[in-house]
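Chemist: The structure's right below; bear with me while I get my questions together.
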Amino acid sequence: MKTTKTRWLIGVLMALVMVAAACGGNDDDADAPAPAPATEAPAAAEPEPEPEAPEPEAEEAASAEPEQEQDGLAEAPEEEEPEFQPAPTEEPEPEIPLTATWRGVTADTITIGVTYLDADLLVELGFSPATWGDQDLQIQALVDDINERGGINGRQLVALTDKYNPIGATEAEAACLRLTEDNEVFAILFGFLGPAEVANTCIVGTQETVLVGGTITPERLAEARAPWVNERVTREVSTGALFTLLNEEGMLQGRSIAVVADLSAAPQLENVANLLRDRGVEPVLEVATSSQVADLVAQNQEWATLSERIRASGADTLLLVGNASAGVENARLNGLEVDIWATDASGLGSNIGSNVNPESARGVITVGAMTNAQIFETDPRFKECLDAFNARHPDIEVKHPDTLDPEEPRWFTALAAHCRFFQLFELLATAAGPNLTHETFAEAIANIGEFSIAGQPYASLGPDKLSSNDSFQLLEQDPDLGARGELVPAGPMRDATP
């Protein structure tokens, strides 16, 4: 019986070899019937060595495989596959242990400061019709969202808030010292705007603290001793984008343009005129006003004379550089029949001056990034922040910015702004890596390239580019929208990345 079992096993193995050669390792081979055992030799005879079986022909080997039936259909044999070779396993890189790397950065946390405008005070002083909602709630919701997603390179984010009065720099400078000296934050988000802008040098200069926000000028940047980026663009960049988009729409050539800058923008007058000349348009008039924005009587008197100069120049287009309020209102009051373009969108839209008749601004063309309506309705990056806030405060409705009554809180306005700053900081701090320092943060700025943040589908930073926005479209003032008018798209959004 031992001989019989041996031969039977050899026969089984030979059959399996032939099946394997024919089908290349078909997974169904395990169900194939084994061949019948060989005939048993006489018990008395010594077993003779079994002759080696001849190599079967390919066709015989193929016929040795029984047909496999599946749903009544015979399965065709698979082609032979090469023997599987597992990929060599790579040794994982050792994790860098987190340690305290800089002021405000411990092994477990990154502490930042967030400044914001005292919108309630602006309402009390009559500078704004409505507040911006509870900004502390918005800021903490964005912090919690980052931390629940794992923080920044394994560290949890801690945000200390400080609001300031933007009318003057006294409160802003005090806020700077509280955050940098008393609390030793790694970075400050938002910074200071308006007349308080001068306090930004307290952050990046005297206190040597990273700033994501504020308004960067060459003079202030020269005082910086810490990395500084923002989400805005310079007037030179936005004006160049305005002329480029107007030219692409066929609106620039053949124009007779009078260029008028307000007092604050007087230093940029020559540069703006040269940008026009670079595109083949020679201005028919270049002049800067000398009256203060707040002095309406002086403005009106100056513009009465200026309007006659514009009319005498033969201008068919008035280009306003800086705050557009006085020019928009006085052009209409003095009967100037000109198209009006503005280099700055900040004084238009819902922020049009309270002394301006909204109808006077109808059709004014400017340039900007996404409108508030576009951001609220279509921007996926803003939606991330809106979802983060809604998940934590479902009882608070962040309404569409174009549907608000004049005195309703502008939750959207503040949330969209803080969203941009937090996304920009998170992007750069993550790229800086576990060893978070001023040097690695500066390297991240220099190397991050192109990205998108809330309100800016096209954005980038680089060694010589410290303002993120590259998103531009022509905008037109529509006085029929909102309480006092809104800017609406007048052309496609374009990427102006250098």
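Chemist: Can you give the local net charge around ALA119? Use residues other than it whose beta-carbon is closer than 11 angstrom to its beta-carbon, Lys and Arg +1, Asp and Glu -1. Could you put the intermediate results ahead of the total?
Modeler: Details: positive: LYS163, ARG410; negative: ASP118, ASP120, GLU124, ASP134.
Counting the neighbours of ALA119, the net charge comes to -2.
Chemist: Where Rh is the Kirkwood radius over the Cα pairs of the stretch 171-282, the temperature 10 °C and the viscosity 1.306 mPa s, what D in µm²/s does Stokes-Einstein return?
Modeler: On the way: Rh = 16.1 Å.
For the chosen part, D equals 99 µm²/s.
Chemist: Follow-up question, since we're still on this one. Relative contact order, percent, of the stretch 147-241 when contacts are C-alpha pairs under 8 Å separated by at least 6 residues? Walk me through the numbers before you get to the answer.
Modeler: Values: 131 pairs, mean separation 19.1, N = 95.
Over the stretch 147-241, the number comes to 20 percent.
Chemist: Over all directions, the average projected area of the alpha-carbon convex hull for the stretch 399-498 comes to how many nm²?
Modeler: Numbers: hull surface 31.6 nm².
The Cα convex hull of the stretch 399-498, projected and averaged over all directions, gives 7.9 nm².
Chemist: At 1.4 Å probe size, put HIS418, HIS400 in order of accessible surface, largest to smallest. Please list the in-between numbers first.
Modeler: Values: HIS418 0, HIS400 35 Å².
Heavy-atom accessible area, descending, gives HIS400, HIS418.
Chemist: Given +1 on the Cβ of Lys and Arg, -1 on the Cβ of Asp and Glu, and no further charges, what dipole in debye does the stretch 118-274 carry about its Cα centre, rounded to the nearest 20?
Modeler: Working: 9 positive and 24 negative charges, 100 e Å.
About 480 debye.
Chemist: Compare SER467, SER452 by solvent-accessible area with a 1.4 Å probe and give them largest first, with all protein chains kept in place. Please report the intermediate quantities before stating the final value.
Modeler: On the way: SER467 25, SER452 45 Å².
Reading off the accessible areas and sorting them downward yields SER452, SER467.
Chemist: While we're on this one: How much accessible surface does LEU177 have with a 1.4 Å probe, in Å² rounded to 10?
Modeler: Counting only protein heavy atoms, LEU177 exposes about 70 Å² to solvent.
Chemist: Next question, about the same structure. Let me check I have the definition right: for the stretch 104-208, take the eigenvalues of the Cα gyration tensor, multiply each by 5, take square roots. What are those semi-axes in whole Å, largest first? Please list the in-between numbers first.
Modeler: Working: eigenvalues 133, 68, 14 Å².
Rounded to whole Å, the semi-axes are 26, 18, 8.
Chemist: Order TRP303, TRP102, TRP132, most accessible first, counting only protein heavy atoms with a 1.4 angstrom probe. Present the calculation step by step, with values, prior to reporting the outcome.
Modeler: Numbers: TRP303 10, TRP102 90, TRP132 50 Å².
Per-residue accessible area, sorted high to low, gives TRP102, TRP132, TRP303.
Chemist: For the stretch 306-427, what size does the Cα cloud have along each of its three principal axes, sorted from largest down, in whole Å?
Modeler: 60, 33, 19
Chemist: Obtain the radius of gyration and the Kirkwood radius of the stretch 128-188 from its C-alpha atoms and give Rg over Rh.
Modeler: On the way: Rg = 14.2 Å, Rh = 13.5 Å.
Rg/Rh: 1.05.
Chemist: So, by mean Cβ neighbours within 10 angstrom, what's the order for 165-173, 457-465 with the highest one leading?
Modeler: Working: 165-173: 18.8, 457-465: 16.9.
Ranking, from highest mean packing down: 165-173, 457-465.
Chemist: While we're looking at this one, here's another question. Note the per residue figure in Å³ for the convex hull of the C-alpha positions in the stretch 437-488. Mind showing how you got there, number by number?
Modeler: Details: hull volume 5.8 nm³, N = 52.
So the per-residue hull volume is 112 Å³.
Chemist: Taking every pair of alpha-carbon atoms in the stretch 263-345, what share in percent sits in each 10 Å bin, from 0 to the bin with the longest distance?
Modeler: 17, 55, 26, 2
The values are calculated or read from the model by the stated rules, or taken from the named source; none is laboratory data. Remember, predicted model here, so these are calculated numbers, not experimental data. Note that each Cβ is placed from the backbone with ideal geometry, even for glycine, and that neighbours are counted across all protein chains shown. Keep in mind that these areas ignore ligands, DNA and RNA; they rest on the heavy atoms of the full protein, side chains included. Shrake-Rupley method; radii C 1.70, N 1.55, O 1.52, S 1.80 Å.
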